[in-house]
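Taking it in order: structure first as structure tokens, then the write-up.
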């Protein structure tokens, strides 16, 4: 998978999660509300871009996946489901990648994104000693 797709998924993920969390599956058909939070609105726009590129069967599948994500109480699961959906949509669609790149705010210059996922995961930009698991003792220098 290209670095461009990975970056787009990382950037768009929080917007998709916010939109689905706020509106559930109706996010796919709900008109933009002027008072809606900008994050939710951007998530709606991203899902709308994916929706428009699908045939009827693809739209039904998208709605099923969004319904599943909306019903889930675990935000990390929702983010994973939506991230997988977005990666699949971006994989073979250069026009969608360009459209999302134009929609998403550019990362701040010099910003670093660090993400950990899973039990006992560690994420850090700089780290000395990191120990996960049971039964370990701190190493002595």
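In terms of its alpha-carbon gyration tensor, the range 3-103 comes out rounded; the largest-to-smallest axis ratio a/c stays below the 1.5 threshold. Given R0 = 41 Å, the distance between the Cβ atoms of residue 60 and residue 129 translates into a calculated FRET efficiency of 0.25.
Cβ-to-Cβ counts within 10 Å put 137, 132, 17 in ascending order as 137, 132, 17, the fewest first. Put the Cα centre of the range 85-104 next to the Cα centre of the range 51-65 and the gap is 15 Å. A Förster distance of 30 Å, applied to the separation of the beta-carbon atoms of residue 67 and residue 87, puts the FRET efficiency at 0.95. Between residue 53 and residue 2, what FRET efficiency follows from the Cβ-Cβ distance if R0 is 22 Å, with the result rounded to 0.05? The formula returns an efficiency of 0.75 here.
Values in this text are rule-based calculations from the coordinates and carry no lab data. Treat the numbers as computed from the prediction; the structure is a model and nothing was measured. When we count neighbours, we look across all protein chains shown, and the Cβ atoms used for this are built from the backbone with ideal geometry, even at glycine.
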